[in-house]
């Protein structure tokens, strides 16, 4: 399915306008919506490619800038030490309530969009995995995919370093897909065990996958990228979203322009 990136929108939040990037199928009709959360580096080229992949499979995708209160709209942090330091500093500067308000703003935008069926899912990577986990606490989120979600096990998200994500697991009513790499130092074995035990204790509907991969194995830049695991993981996520959200009004568009000559 061909897709298009439309003009970004600045969504109103209690902490100021939040630049949000939009990707959707080019074919007319309405499609399920996905809130896509980035890593700490904001909307980088790999994140845009993830958004395009999802949109090309029949979803309306909204990608917010998670640090909109602190950085000018359009800011992308580099995949280097300076970028990591800035992203990690902002991660624990932003109040937890602001993260949650951002999620509600994007979900409300998708729900009322003329291009969306109103069926909603979330997907997040790294800090975005944690943000997707929290976004799933909204009752209208039917499915969530969390790629190597950081800091859940140590309550390390937001100002004060004492988030309540583990405590609020019973609020998750949709289906979760949790994906981790066993060689990820940010979420060690004891952390993964703690998260999984909490999900089991709450009776959450979830699937758990662990691969032999490092942190950032999904990111198609850098030495930790693992294309085989990435493809398997995307297939799992797409399967979940199609089962829980449906496929929208139209699967393919008629070709436009001159007919290609076969050789």
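The values are calculated or read from the model by the stated rules, or taken from the named source; none is laboratory data. These figures come from a predicted structure and were not determined experimentally. Methodologically, a virtual Cβ is constructed for each residue, glycine included, from the backbone with ideal geometry; neighbour enumeration extends over all protein chains shown.
You will find that of 128, 121, 174, the residue that is within 26 Å of residue 233 (Cβ to Cβ), surrounded by fewer than 24 Cβ atoms within 10 Å (Cβ to Cβ) and under 16 Å from the mean Cα position of the chain (by Cα) is 174 and no other. The residue that is surrounded by the fewest Cβ atoms within 10 Å (Cβ to Cβ), among those in segment 215-236 that are touching a helix residue (DSSP H, G or I) at 6+ places or on another chain (Cβ under 7 Å) and closer than 15 Å to residue 38 by Cβ, is 221. Restricting attention to segment 174-198, the residues that are in contact (Cβ under 8 Å) with a residue 24 or more places away in the chain and in contact with a strand residue (DSSP E or B) (Cβ under 8 Å, 6 or more places away or on another chain) add up to 14.
Being under 21 Å from residue 10 (Cβ atoms), more than 12 Å from the chain's Cα centre (by Cα) and surrounded by fewer than 23 Cβ atoms within 10 Å (Cβ to Cβ) is a property that holds for residue 76. Of the candidates 151, 163, 167, the single residue that is part of a loop (DSSP other than H, G, I, E, B), within 21 Å of residue 210 (Cα to Cα) and modelled with pLDDT of 95 or more is 151.
Do you know which of the residues in segment 217-249 that are under 21 Å from residue 143 (Cβ atoms) and not in a helix (DSSP H, G or I) is modelled with the lowest pLDDT? Out of the qualifying residues, it is 249.
Reported count of residues in segment 200-214, each being crowded, with 18+ Cβ neighbours inside 10 Å and either within 17 Å of residue 142 (Cβ to Cβ) or out of contact with any helix residue (DSSP H, G or I) (no Cβ under 9 Å at 6 or more places or on another chain) (or both), is 3.
Flag: residue 32 does not match the condition of being part of a helix (DSSP H, G or I) and within 26 Å of residue 231 (Cβ to Cβ).
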